[in-house]
Amino acid sequence: MIVPYPNNLPKDRQWVISLGVFDGVHLGHQAIFKELATVAKRFDAQSAALFFTPNPKLVFHPQSGPMAICAPQQNIDLIHQEGIDTFIQFPFTKELSALSPMQFLDKYFFAPQVPVKAFCVGENWRFGCNNTGDGNMLRECCVPHGIEVHIVPSVILDGEPVSSTRIRKAILDGKLELAHRLLGRPFTIVGNVSHGHHIGTTVLSCPTANLSVAEHLIPPYGVYAARGRLADGKTIDGIAYVGDAPTIRHDGPPEIILELHLFDFDGDLYDQPISIELYSFIRPSMKFDSPAALQHQIALDIEKTKAILK
């Protein structure tokens, strides 16, 4: 169930709600959802995840705000895998950001008398105008209403808190092994397979599944060890390329693509959903003197990739 506001939740049951952006559903978020499940069980209540959409930073900085680690539906699916099946997809606006912490709580929770037994938030969570509210303020505001507030400590990895900002930097730096550890799973791009220029099949003897990644957070241009997860859940090892294919594409503006060649696979994936898990950087994108030179390099890349994925 997805609702836009807390007041849209069914009133015939009690609720325990987590608050956050939850981009990427990383290890820190997973700790919050684990606590949410524990508290909900104690109260015999239902659990729900409230997240703002779009990311508040994008509302104020649409050109320079952070790109999402996961597409919106991908993020919901990941939260669902943590045992949450009710979502409050709260529309974030500049008008909302002008509310003080108390005004926000009173307007959307206290005045409508949403049947909340407890909130779960991360220790670095902020809310209200100019981010003046935190977990401790939330707790103070909730005392008169008999609502518990559980502040979940950050998960520390390599001496630093796990955060979406840290994961984005790891991805943009091509440090996919670090992103994997912070997320608790491989960095994954999800989409429907589209028709490309068929160069992989006709020229390079290396058929690929193509995704448009114009709106996605992507690592540096290059070749990566990867796996494809098909619509039926089957995973197949492969090799992925992220970039604008300088050796092949000569005409028109550069088109950023993600191409995945699956090992030992023969089938039609066009228009089907696929999840491409990126594991390890193989080499940067390069322009070769000829398709034959590129084909030779691809053979070497595949050999290296198979050794890594093994």
remark   = Quick note on 60, 109, ordering by fewest other C-beta atoms within 10 Å, gives 60, 109
Axial C-alpha extent at least 18 Å, average Kyte-Doolittle at least -0.5 - helices from the chain (DSSP) = 27-43, 291-309
request  = Taking all pairs of distinct Cα atoms, average 1/r, flip it, and tell me the Kirkwood hydrodynamic radius of the stretch 96-224 in Å to one decimal place.
outcome  = 18.7 Å
Likely footprinting exposure, 218, 69, fewest C-beta neighbours within 10 Å first = 218, 69
request  = Take the alpha-carbon centre of the stretch 1-68, take the same for the stretch 259-310, and report the distance between them in whole Å.
outcome  = 37 Å
query = How far apart, in nm, are two points set 7 Å out from the Cα along the Cα-to-Cβ line at residue 143 and at residue 263?
reply = 6.1 nm
query = Which links in 57/117; 234/304; 41/107; 169/234 stretch past 25 Å when you go from one Cα to the other?
reply = 57/117; 41/107; 169/234
Among 114-127, 35-48, 86-99, the order from most to least packed when residues are scored by Cβ within 10 Å on average = 114-127, 35-48, 86-99
task = Go through the stretch 114-123 residue by residue and turn each phi into a ³J(HN,Hα) via Karplus (6.51, -1.76, 1.60, θ = phi - 60°); whole Hz please, and just put x for glycine and proline.
result = 5, x, 9, 9, 6, 10, 10, 9, x, 5
ask   = Just going by the charge dipole of the stretch 59-209, with Lys and Arg at +1 and Asp and Glu at -1 on Cβ, which of 114, 90, 142 is farthest out on the positive end?
value = 90
message = Taking 8 Å as the Cα distance limit and 6 or more residues as the minimum spacing, I'd like the relative contact order of the chain as a percentage.
response = 16 percent
remark   = Protection proxy (average C-beta count within 10 Å per residue), highest first, orders 133-144, 149-160 as 133-144, 149-160
query = Mind listing the Cα extents of the chain along all three principal axes, in Å, largest one first?
reply = 73, 39, 36
task = Could you give the size of the charge dipole of the chain about its Cα centre, using +1 on the Cβ of each K and R and -1 on the Cβ of each D and E, expressed in debye and rounded to the nearest 20?
result = 660 debye
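Read-outs: derived from the displayed coordinates by stated rules, not from any lab. All values reported here derive from a predicted model rather than from experimental measurement. Neighbour counts run over all protein chains shown; Cβ positions are idealised from the backbone, glycine included.
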